[in-house]
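Enquirer: Please read through the structure below; I'll follow up with questions.
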Amino acid sequence: MAEIKIGSSSWRSVEVGRVLKLENGTLAAIVEIIDHKRALVDGPSSDPKLATPRGTVSLSNTLLTPLVIAKLPRGARSGTVKKAWETAEIDAKWKEGSWAKKQLQQERRRSLTDFDRFKVMRLKKQRRFEERKALAKIKASA
């Protein structure tokens, strides 16, 4: 007979306290689940680029992050959410994550001028030359 193991899935679930990344790049925590398509969110981030005003959002326009504010009560007011946000250090955890780093890199690349792109190209060529030189040296010694 086959052995059956039952365990929880590793999917992120829509739950009160789950931090969402909205379409515009801001962060918000789920305060109340309205129905299977919408949720009430509040994003009291200290960073103005990440802050989101309290309101409803369609879950189809969001991405669930691995960050969760533990023990956030359902329907919590803005002050309570802000205290829980700061206690859980969501801003610091977000900035350490790969999503935020990738977003920052994309912003930097978008803001480059033509001359900056030229300098990046030259640096890439120099790096490629040094790598090939080191590889040739290794191949010659082997």
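Derivation of every value follows stated rules applied to the coordinates shown; laboratory data play no part. Values in this document were obtained by computation on a predicted structure and should not be read as measured data. Cβ sites come from the backbone with ideal geometry, for glycine too, and all protein chains shown count toward neighbours.
Here's the yes/no breakdown for (1) in contact with a strand residue (DSSP E or B) (Cβ under 6 Å, 6 or more places away or on another chain); (2) surrounded by 11 or more Cβ atoms within 10 Å (Cβ to Cβ); (3) at positive phi:
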{"position": "S60", "(1), (2), (3)": "no, no, no"}
{"position": "I69", "(1), (2), (3)": "yes, yes, no"}
{"position": "T80", "(1), (2), (3)": "no, yes, no"}
{"position": "K83", "(1), (2), (3)": "no, yes, no"}
{"position": "E89", "(1), (2), (3)": "no, yes, yes"}
{"position": "E96", "(1), (2), (3)": "no, no, no"}
{"position": "Q106", "(1), (2), (3)": "no, yes, no"}
{"position": "K124", "(1), (2), (3)": "no, no, no"}
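Enquirer: Filter the range 48-74 down to the residues that are in contact with a Pro (Cβ under 9 Å, 6 or more places away or on another chain) and of a type outside the set (V, I, T) and list them by number.
Expert: A51, R54
Condition check ((1) under 14 Å from W85 (Cβ atoms); (2) in a strand (DSSP E or B)) across all residues:
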{"residue": "V14", "(1), (2)": "no, no"}
{"residue": "K21", "(1), (2)": "no, yes"}
{"residue": "A28", "(1), (2)": "yes, yes"}
{"residue": "S45", "(1), (2)": "yes, no"}
{"residue": "R54", "(1), (2)": "yes, yes"}
{"residue": "P66", "(1), (2)": "no, yes"}
{"residue": "L72", "(1), (2)": "yes, no"}
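Enquirer: Would you mind finding the one in W94, W99 that is under 30 Å from M121 (Cα atoms) and among the aromatic types (F, W, Y)?
Expert: The match here is W99.
Enquirer: Of all helices (runs of 4 or more DSSP H) completely enclosed by the range 76-137, which ones contain at least 1 residues that are farther than 23 Å from G17 by Cα?
Expert: The qualifying helices (runs of 4 or more DSSP H) are 98-110.
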